[in-house]
Amino acid sequence: MKIRVATRGSKLSLKQTEAFKDYLEGFIGRFEMEVKIIKTGGDLIQDKPLYEIGRKGLFEKEVNMAVLNGEADVAVHSMKDLPREMDPRLDIVMVLPREVPNDSIVFSRSGVKDIVEIPRGSVVGTSSVRRSSFILHYNDGVKVRPLRGNLDTRMEKLYNKEYDYIIVAEAGIRRLGLNPKRLVLPLDKFPPEPNQGVIAIVGIKDDLKIKQLYTFSDRNTYYTSFAEREFLMEAQAGCHSPVGAVARIQGEKLLLIAGIASSDGREMHIFRFKGEKEEFAKIGRRAGELLYSISEKVLR
């Protein structure tokens, strides 16, 4: 069996593609994988924060186009990069077991055990509106400056002393086998971007060869990631929104934590929603509806 895979060319994207192969081989045995590396709009535009570019899907469109054009059977994505609405011919056909979804604050010099310990005037690097708003809520003495690039590029900028601290996804650190000095941020205080830590496989909905992949999805990841995706739909949140959400499985229950903050961090609300895990879509929608209902007041 041969599967043609489209992916970005970053180290992290290639690691995720390897993870897909390793995971799938656990079900169907060894197979041949042909990797097609795609350059995306998000890779080419490095001088602006994502929220200034103004759309989600910057790391998705060109990769998925390879599938639509018949150049690849599937595309491998960080699920958080997928927009709320994809091309109707495509579907998320599989999700792998989730890596930890937390954000982490990485530092090269002065370590901290809590956000409030970051010294006043310290430069914190992030191009995420959510991360900026959340950290300002807990520590309004820091200076937040834009930070773009792949994870290894961002780490290099930290070690070159362009920043005192940077905020990145813990999942990327672990997948690349890195072990920097860092503080892993608690989910109940710092809800991450929805679907952070999830590898999603996208394919043509009606492709009989690819349809079998649906059965291989990790079930708990499926429940949590699609609860968060329903949340995104109802909250109408994108990369320009200071909104976070994460779902976790607790026995037969699903707990979803969602948060929103004003851009200056002065106002922040965190909510918890719980129900049967099979009702993941309902829980996600309920959370999104509430966040949307208060977003105009918080973001005014």
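The values are calculated or read from the model by the stated rules, or taken from the named source; none is laboratory data. Values in this document were obtained by computation on a predicted structure and should not be read as measured data. Because the Cβ atoms are built from the backbone with ideal geometry, glycine has one as well, and the counts that use them run over all protein chains shown.
A few comments on the model shown:
- Selection status of Gly121, at pLDDT 95 or above and at positive phi: yes
- Comparison of Ile118, Ile173, Ile166 shows that the only residue that is farther than 28 Å from Phe273 by Cα, among the β-branched types (Val, Ile, Thr), surrounded by 20 or more Cβ atoms within 10 Å (Cβ to Cβ) and more than 21 Å from the chain's Cα centre (by Cα) is Ile118.
- Flag if Pro194 is within 18 Å of the chain's Cα centre (by Cα) and either surrounded by 24 or more Cβ atoms within 10 Å (Cβ to Cβ) or farther than 23 Å from Ile105 by Cα (or both): yes
- Residues of segment 253-279 that turn out to be touching an Asp or Glu at 6+ places or on another chain (Cβ under 9 Å) and more than 21 Å from Ser241 (Cβ to Cβ), as a count: 5
- Residues that are closer than 14 Å to Gly244 by Cβ and either outside any loop (DSSP other than H, G, I, E, B) or in the same structural domain as Gly9 (by TED's automatic domain parsing) (or both), drawn from segment 105-135: Val129, Arg130, Arg131, Ser132, Ser133, Phe134, Ile135
- Taking segment 256-296 as the range and being small (Gly, Ala, Ser), over 20 Å from the mean Cα position of the chain (by Cα) and part of a helix (DSSP H, G or I) as the test, the residues that pass are Ser293, Ser295.
- Segment 135-158 - residue that is surrounded by fewer than 17 Cβ atoms within 10 Å (Cβ to Cβ) and at pLDDT 95 or above and, of those, nearest to the chain's Cα centre (by Cα): Pro146
- Evaluation of Gly70 against (1) in contact with a helix residue (DSSP H, G or I) (Cβ under 6 Å, 6 or more places away or on another chain); (2) surrounded by fewer than 23 Cβ atoms within 10 Å (Cβ to Cβ); (3) small (Gly, Ala, Ser) (one fails), failing number: (1)
- Among the conditions (1) out of contact with any helix residue (DSSP H, G or I) (no Cβ under 6 Å at 6 or more places or on another chain); (2) under 30 Å from Ile118 (Cα atoms), Tyr222 misses just one, which is (2).
- The single condition among (1) of a type in the set (A, V, I, L, M); (2) modelled with pLDDT of 95 or more; (3) in a loop (DSSP other than H, G, I, E, B) that Ile92 does not satisfy is (3).
- Residue pairs meeting the criteria (Cβ under 8 Å; at least 6 apart or on separate chains; first of a type in the set (S, T, N, Q), in segment 148-161; second part of a helix (DSSP H, G or I)): Asn150/Lys11; Asn150/Leu12
- Inspection of segment 240-249 finds no residue satisfying the criterion of being in contact with a helix residue (DSSP H, G or I) (Cβ under 7 Å, 6 or more places away or on another chain), among the hydroxyl-bearing types (Ser, Thr, Tyr), within 30 Å of Ile28 (Cβ to Cβ) and in contact (Cβ under 8 Å) with a residue 12 or more places away in the chain.
- Restricting attention to segment 172-211 and to residues that are among the charged types (D, E, K, R) and modelled with pLDDT under 95, the residue that is farthest from Ser133 (Cα to Cα) turns out to be Lys209.
A quick yes/no check of all residues on (1) closer than 17 Å to Phe20 by Cα; (2) in a helix (DSSP H, G or I); (3) among the aromatic types (Phe, Trp, Tyr):
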position	(1), (2), (3)
Asp152	no, yes, no
Leu178	no, no, no
Pro186	no, no, no
Asn195	yes, no, no
Tyr214	yes, yes, yes
Thr224	no, yes, no
Phe231	no, yes, yes
Arg248	no, no, no
Leu254	no, no, no
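- Scanning segment 57-86 for residues that are part of a loop (DSSP other than H, G, I, E, B) and at pLDDT 95 or above gives Asn69, Gly70, Glu71, Ala72, Asp73.
- Any chance Leu232 is over 23 Å from Arg98 (Cβ atoms), surrounded by 15 or more Cβ atoms within 10 Å (Cβ to Cβ), in contact (Cβ under 8 Å) with a residue 40 or more places away in the chain and of a type outside the set (Ser, Thr, Tyr): no
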